[in-house]
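Report on the following structure.
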Amino acid sequence: MDSVTSEQRQTLHSTADNGLKIVVVGGFGVGKTTLVRSVSEIRPLNTEETMTQAGEGVDDTVGVAAKTATTVAFDFGRISLDAHNILYLFGAPGQERFWFLWDRLFSGTLGAVVLVDTRRLADSWYAIDRLEHHGTPFVVACNDFGGPAHTTEQIREALDLAAEVPLVFCDARSRESSKQVLISLVEHLQSVLVQDPISQPIPEPAP
């Protein structure tokens, strides 16, 4: 696990009024750690461990055979929306054997990003199902792995997405692209707030 310097510890002490929790979920190897790492303004905390033979036959590595490390607890990052509002990002582990952690990660969550690999759309069904079960607003972000092109309609149909759920495309390696995903989520949360004014106020997205 990466260590945190004294300078980085200092940046964690914030005078922000609102700490807003966002969870990034999705299947194994879809780029959740990469997205948190690319957009976080602090050096992200991660719990990646080297994959070993013990995981063979347990983790489904179809489509991600070149993957050598995996998240075993969660990733954590932070991004400031403005002087008063901070997003705290939690990346959930993707393997089925760690799904029991998800419900706890969802506790207190304002919204979520479901990151998908369009070559393995079925791997995203569980994440969408759990978020719908918890009533957590979410957006779906298709990470670019260079697979076959799919239309928005094809992806929506494959994932059985409700019409109000935003679907965006991204490159999780790019800070700007990942930032746009978070902006899409905040804008979606604002639209949800309009329909449910009892909810907590949602901040304006950063410019």
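Every number in this text was worked out from the coordinates using simple rules, so none of it is lab data. If you're wondering where the values come from, they're calculated on a predicted model, not measured in any experiment. Positions of Cβ are backbone-derived with ideal geometry, glycine not excepted, and every protein chain shown enters the neighbour counts.
The figures follow:
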| item | result |
| --- | --- |
| Where labels lie 7 Å past Cα in the beta-carbon direction, separation of T151 and D103 in nm | 4.0 nm |
| Under Karplus coefficients 6.51, -1.76 and 1.60, residue-wise ³J(HN,Hα) of region 155-170 in Hz, glycine/proline x | 5, 4, 5, 5, 9, 6, 7, 5, 4, 7, 7, x, 10, 10, 10, 8 |
| Theoretical gain in end-to-end length, R119 to R43 [0.36 nm per residue, Cα-Cα removed] | 24.4 nm |
| Burial ranking of peptide ranges 18-30, 79-91 (average Cβ count within 10 Å, highest at the top) | 18-30, 79-91 |
| Residue-wise HN-Hα coupling along region 80-90, computed from phi with Karplus coefficients 6.51, -1.76, 1.60 (Hz; x: Gly, Pro) | 8, 7, 7, 5, 10, 10, 10, 9, 9, 9, 10 |
| Peptides ranked, highest mean first, by Cβ atoms within 10 Å: ranges 105-114, 142-151, 165-174 | 105-114, 165-174, 142-151 |
| Stretchable slack from H133 to D17, in nm (0.36 nm times residue separation minus alpha-carbon distance) | 38.8 nm |
| Pairwise FRET efficiency - F169 versus V194, Cβ, R0 = 30 Å, nearest 0.05 | 0.75 |
| Two-site label geometry, A83 and Y126: point separation in nm, points 7 Å out along Cα→Cβ | 4.5 nm |
| Region 21-30 - phi-based ³J(HN,Hα) in whole Hz, Karplus 6.51/-1.76/1.60, Gly and Pro as x | 8, 10, 10, 10, 10, x, x, 5, x, 8 |
| Amide H contacts under 5 Å for G111, placed H, 5+ residues apart | V23 |
| Cut-off under 5 Å, modelled amide H: who pairs with L81 long-range | I86, L87 |
